[in-house]
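Just so it is clear, none of the values below were taken in a lab; they were calculated from the coordinates. Predicted model, so just to flag it, every value in this text is computed and none were measured. FYI the Cβ positions are ideal-geometry reconstructions off the backbone, even for glycines, and counts take in every protein chain you see.
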Amino acid sequence: MFCREFTADARDATIRAWLSETGRRTCSTRQLMTIDILRDGKDLSKYFYVTYEVVSSTTLYEAAFGIAIGQSIGNPSKRSVWETPEMIEAYCAKIVRNSDFQRKQGRVEIAYPLANLDWKTDGIAQLLCVIMGGQTDIDIIRKCRVVGLEFDPAFIDATFLKPKHGLSGMREFTGVRDRPFFGGIIKPKTGISPHSLLAMTKELVDGGVNFIKEDEILSNPAVCRLQDRVQLISNYIRDTKVVYCFCINADPAYLLPRAKFVAANGGTGVHVNIWSGLGAYKSIREADLGLYIHYQKSGDKVISHPDNAFGISWNVLCPLAAYCGVDTIHAGMWGGYLSDPEDELRETLRILKAGDVVPALSCGLTAELVKPIADKFGRDWMANVGGAIHGDPRGTVAGARKIRQAVDAL
């Protein structure tokens, strides 16, 4: 066994050797202490697969090598005497074949051994650490975005709980069958008292909503403590067919106790913003509290925007949300002050429907937009509205009824 640093020339020679030796499965793994290049199809029983958009200052192969080694067994530039052939075979990530390895930019696919994680306790936090971690510190990698994530469907079924209620369960609970759901958002975002919140909730229900969520800015401020508002709202909501999601954003030590507090005091749902951690949704779902879990994406573009040099595509985060068991999610918007490209939003809605998650469209939704959105994207979504309801000059009830009439008219 030996230690060897692989220079750019050495690695380029490795890939050229592989390209010329069409009969071999690996690229001299045991001899060169480098990594496999999978050539005979995917093995979803042993690996999960991540696709990256990469820009390298050298070659795609150089970048892929750094990702695969650095995000599995070792230093991306130096080999160690501790790296045995058996370790490399079992635990090193593998580069999937790509005919354009000598280019400086393009897509690369890496196969990560499933055995590298304890999927129950490491969870989403460690998964994200593996797929988008140390490669951001490799200077030849100028851009690296996760744009694809593939697991064996049987592994997903065996590993994750998925939504407790989801699209199908919410249709059953609310009785909404052939139209989008209608959701109302609490506004103002913060500054209101628990009793003002109750009065607003009653007006939203009178206006015909199926779902209410508190804004992500309202968590546990002194003016409206969670402990003061949960039972007050829940005592009223329990006699309706409306889902109400309390905002419980918090650090890990406080988040799950807050979810349990909501459940113990008759609450139907919780709202958790992305900044509480992508593993938060899985933790709440695994507690099996019976709550609807709403995933609020506000802030996601710090991670997901395509112009970011490093990040994770929103359409990768969406299936992860479904695996974690969220029931509803702020999916995006078309035609409001946020207006996502049609093809991208359509793909997001397809992914979420496949995961039985309710996509909430929000950020400037009005009654006038309901039909055009339904015509473009179908009816498996929720119209989540705040400003157009409460900003109606006739008041909240009238504003809500205007949206409800537009939804019912479909």
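Let a ≥ b ≥ c be the square roots of the eigenvalues of the Cα gyration tensor of the stretch 106-264; is it rounded (a/c under 1.5), or, if not, prolate (a/b larger than b/c) or oblate?
Numbers: a/c = 2.35, a/b = 1.84, b/c = 1.28.
Note, shape of the stretch 106-264 comes out prolate.
On a 0 to 90 degree scale, rounded to 10, what angle separates helix 367-377 from the longest Cα axis of the chain?
Roughly 40 degrees between the two axes.
With springs only between Cα atoms under 10 Å, which of ASP228, ASP137, ASP380 fluctuates most in a Gaussian network model of the chain?
ASP137
Would you mind calculating the gained length between MET87 and ILE156 on full extension (0.36 nm times residue separation, minus the Cα-Cα distance), in nm to one decimal?
Details: separation 69, 0.36 × 69 = 24.84 nm, distance 2.57 nm.
The MET87-ILE156 span can extend by a further 22.3 nm.
Run the reach check for LYS402 against aspartates and glutamates, Cα to Cα strictly under 18 Å, same-chain hits fewer than 8 apart removed. What comes back?
Counting by Cα, and skipping residues close in sequence, LYS402 has these aspartates and glutamates nearby: GLU203, ASP206, GLU368, ASP392.
For the chain, what does the relative contact order come out to in percent, with C-alpha contacts under 8 Å and a separation of six or more? Don't skip to the answer; put the middle values down first.
Numbers: 798 pairs, mean separation 61.0, N = 410.
Relative contact order here is 15 percent.
Calculate how many DSSP beta bridges within the chain are antiparallel, expressed in % of all such bridges and rounded to the nearest 5.
Numbers: 20 of 51 bridges.
Restricted to the chain, the bridges split so that about 40 percent are antiparallel.
Any idea how many Lys pairs in the stretch 123-242 come in under 19 angstrom at the alpha carbon, given 8 or more places apart or on separate chains?
Qualifying lysine pairs in the stretch 123-242: 9.
Relative to the first principal axis of the alpha-carbon coordinates of the chain, what is the inclination of helix 226-237, with its axis defined by its Cα atoms, in degrees from 0 to 90 and to the nearest 10?
Helix 226-237 and the main axis of the chain meet at about 60 degrees.
Calculated from the structure, semi-axes √(5λ) of the Cα gyration tensor in Å equals which of [x] 47, 21, 17; [y] 99, 26, 17; [z] 39, 28, 18?
[x]
Please sort by residue number the trypsin sites (Lys or Arg not before Pro) in the stretch 215-257 whose DSSP state is loop and whose Cβ has at most 15 other Cβ atoms within 10 Å.
Within the stretch 215-257, the qualifying trypsin sites (Lys or Arg not before Pro) (loop, at most 15 other Cβ atoms within 10 Å) are ARG225, ARG238, LYS241.
Do any trypsin sites (Lys or Arg not before Pro) in the stretch 89-173 lie in a loop, going by DSSP, with at most 11 other beta-carbon atoms within 10 Å of their beta carbon, and if so which?
Values: sites: LYS94, ARG97, ARG103, LYS104, ARG107, LYS120, ARG142, LYS143, ARG145, LYS164, ARG171; in loops: ARG97, ARG103, LYS104, LYS120, LYS164.
Passing both the DSSP loop test and the Cβ count: LYS120.
Let a ≥ b ≥ c be the square roots of the eigenvalues of the Cα gyration tensor of the stretch 283-377; is it rounded (a/c under 1.5), or, if not, prolate (a/b larger than b/c) or oblate?
Working: a/c = 1.89, a/b = 1.26, b/c = 1.50.
Oblate.
Determine, for MET170, MET333, the number of other Cβ atoms within 10 Å of each Cβ, and report the residues in order from fewest to most.
Details: MET170 23, MET333 20.
So the ranking, lowest neighbour count to highest, is MET333, MET170.
Taking only C-alpha pairs under 8 Å that are 6+ residues apart, what is the relative contact order of the stretch 66-182 in percent?
Working: 73 pairs, mean separation 25.8, N = 117.
With pairs under 8 Å counted, the relative contact order is 22 percent.
Run the numbers on the stretch 370-410 and let me know its relative contact order in percent, using alpha-carbon pairs under 8 Å that are six or more apart. If you can, show how the numbers build up before the last one.
Details: 22 pairs, mean separation 17.6, N = 41.
Reported as a whole number, the value is 43 percent.
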